[in-house]
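The block underneath contains the structure these notes are about, expressed in structure tokens.
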Amino acid sequence: MNDELIAKIDKLIEEDRAELAKDVIKLVNIKSVRSEPLPGAPFGEGPRKVLDTVLEMGRERGFETTDYGVGVVSLAFKKGQPDVGVWAHGDVVPEGDGWIYEPYNAFEYKGCIIGRGATDNKGQLTCILHLMSIFKKLGIELKYNAALYVGSNEETGMEDIVGNGTPDAKGFINVCTPPRLSLVPDGGFPVGYAGKGRMKIELKAKKPVKGFTMWGGRDDAPGRATAVFDKTGIKSVANCTVEEKDGKTVIFTETPPRHSAHPDPNGNMITVLTKALIDEGLVTGEDAKELDFIRRISCDTKGVIFGIDRVSEIMGETVVASVELETQDGCPVLTLNIRYPEKITYEEMYDKINAVCAENGFETQKPYRGVNPYVLDKEWDVLKRLNAIANEVTGSDSAPFSMGGGTYAHRLPNALVYGMSGCLKPEGFPEGHGGAHGRDEVVSLDRLQRAMRIYARAFLALNEMEW
């Protein structure tokens, strides 16, 4: 690898910091949560606006821009089919509540950008775009065609990749040719070569509860759970806040939002609320049995209750996150987000969960098969080279890893998770804030620039290899 060229690239990366921050902020300030579909915007106005902004940024920099008409766009170095694709996404999870700062009024703070989507995934998107611009500025000619692909539905189903049957969401892999190699910067370094499967399912009590309703959480990052009783006079509840409103009593509790790939093994706000209502005697009899079943599930993050706990040498443990609680027709409903290794199948899990629910007065509904587990060859030359490059820059000696979260790598052929480990909170940042999908989400500019240096070396290494 040309040391002189690497030095030039690294110098331009350092000089680019202010512009990098400016463009991350520009994209973060677009609220791109999935919303009602519109013509040409299958996942709503916000995700579409990110795509249009990226296309404009690409045209300004002289890249070959393509809108595939399915919620995916690309910026390529040259015309023709890309051989290497770096896959980022412009959509974000809902912001939720409890933020200190405004989620869509991003700013730089102690070397970080704060705002929804900063580290998942708009910071990564921006730094790849800026690195490609540096390559173009230096006139670096690659023997392959590389492109930045940007999707708009990674967080809620990856229908931009696989489709949902509607005319504007046919799915990239159904109508386009994927690149020969895909790199997905929605994770960590050194390189991810395997990923768990994902399942979502709702558990609904067969009998309605009496005198109260419940709701709480949100997909992938729960934070607050609430119960409303049709009476007043409840003065206090352990570990909860109690308020009276319109002749009713509102009881709620909060725990820090966490990504559902890494739930707290002690449980979350659903655990706290259900336990408090039972312990305080606010629910009794059959109602208490239903809530206790929900409580036990919410602090069982390995799926032991259902007999779906498995451990894989490659992928680790089954992870069960209780993410949402609501009341339907008077009946409590708990939503589970499950990530599972290759040691168990979707069908086996479904049967086991069904059986345990039936024994406890619950039924299952809306089962959703997200992605299947996948494993690539750990001895693949490209994988080993990328792993070595990341370790060299980070000063680590880490081995390739398996992802717990779901990424585009699950849906694309020959896809590796490659960085960026961007979520490094500023010193003194409040506990429970700063994480991906969490309150006051942050991305470190130092980490983004480090990722640019790693990707620069990876692009050049691929230019020297046969693959």
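When ASP97, ASP52 are screened for being more than 30 Å from MET269 (Cα to Cα) and either outside any strand (DSSP E or B) or among the hydroxyl-bearing types (Ser, Thr, Tyr) (or both), only ASP52 passes.
Every residue, every condition in (1) farther than 16 Å from LYS136 by Cα; (2) buried (at least 17 other Cβ atoms within 10 Å of the Cβ); (3) touching a Phe, Trp or Tyr at 6+ places or on another chain (Cβ under 9 Å); (4) not basic (Lys, Arg), yes or no:
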{"site": "GLU36", "(1), (2), (3), (4)": "yes, no, no, yes"}
{"site": "ALA41", "(1), (2), (3), (4)": "yes, yes, no, yes"}
{"site": "GLU60", "(1), (2), (3), (4)": "no, no, no, yes"}
{"site": "GLU64", "(1), (2), (3), (4)": "no, no, yes, yes"}
{"site": "PHE77", "(1), (2), (3), (4)": "no, yes, yes, yes"}
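Can ASN105 be described as within 29 Å of ARG457 (Cβ to Cβ), polar (S, T, N, Q), outside the structural domain of THR253 (by TED's automatic domain parsing) and touching a residue at least 40 places away in the same chain (Cβ under 8 Å)? No; evaluated as a whole, the condition is false for this residue.
Residue count for segment 323-348 satisfying the condition of being among the aliphatic types (A, V, I, L, M) and either out of contact with any Gly (no Cβ under 8 Å at 6 or more places or on another chain) or over 30 Å from GLU286 (Cβ atoms) (or both): 4. Taken over segment 120-153, the criterion of being acidic (Asp, Glu) and either within 10 Å of LEU75 (Cβ to Cβ) or within 23 Å of the chain's Cα centre (by Cα) (or both) is satisfied by ASP120 alone.
Here is a check on your reading of the model: is GLY171 crowded, with 19+ Cβ neighbours inside 10 Å, within 23 Å of the chain's Cα centre (by Cα) and closer than 21 Å to GLY435 by Cα? It is false that GLY171 is crowded, with 19+ Cβ neighbours inside 10 Å, within 23 Å of the chain's Cα centre (by Cα) and closer than 21 Å to GLY435 by Cα. Being over 21 Å from THR156 (Cα atoms), of a type outside the set (Phe, Trp, Tyr) and outside any strand (DSSP E or B) is the filter here; which residues of segment 358-381 pass it? Correct list: ALA358, GLU359, ASN360, GLY361, LEU376, ASP377, LYS378, GLU379, ASP381. In segment 164-262, counting only strands (runs of 3 or more DSSP E) that sit wholly within it, none holds 3 or more residues that are closer than 30 Å to ALA146 by Cα and of a type in the set (Asp, Glu). Would segment 382-394 turn up any residue that is under 26 Å from the mean Cα position of the chain (by Cα), of a type in the set (Lys, Arg) and not in a strand (DSSP E or B)? Yes, segment 382-394 has at least one match.
From the list THR226, THR253, exactly one residue is surrounded by 18 or more Cβ atoms within 10 Å (Cβ to Cβ), of a type in the set (Ser, Thr, Tyr), touching a Leu at 6+ places or on another chain (Cβ under 6 Å) and in contact (Cβ under 8 Å) with a residue 24 or more places away in the chain. Which is it? Spell out how you get there, then give the answer.
On the way: THR226 fails: touching a Leu at 6+ places or on another chain (Cβ under 6 Å).
Residue meeting the stated conditions: THR253.
Restricting segment 91-104 to residues that are within 18 Å of PRO47 (Cα to Cα) and touching a Gly at 6+ places or on another chain (Cβ under 7 Å) leaves a set whose member that is surrounded by the most Cβ atoms within 10 Å (Cβ to Cβ) is VAL92.
Scanning segment 47-56 for residues that are touching a residue at least 24 places away in the same chain (Cβ under 8 Å) and surrounded by fewer than 20 Cβ atoms within 10 Å (Cβ to Cβ) yields one hit, THR53.
Which of the residues that make up segment 236-272 are out of contact with any strand residue (DSSP E or B) (no Cβ under 7 Å at 6 or more places or on another chain), of a type outside the set (A, V, I, L, M, F, W, C) and over 21 Å from ARG198 (Cα atoms)? Step through it out loud before you land on a result.
At the first step, the residues of segment 236-272 found to be out of contact with any strand residue (DSSP E or B) (no Cβ under 7 Å at 6 or more places or on another chain) are 238, 244-247, 255-256, 258-259, 262, 264-267, 271.
From what's left, of a type outside the set (A, V, I, L, M, F, W, C): 244-247, 255-256, 258-259, 262, 264-267, 271.
The answer is GLU244, LYS245, ASP246, GLY247, THR255, PRO256, ASN266, THR271.
The values are calculated or read from the model by the stated rules, or taken from the named source; none is laboratory data. This is a predicted model, so every value here is computed, not measured. Cβ sites come from the backbone with ideal geometry, for glycine too, and all protein chains shown count toward neighbours.
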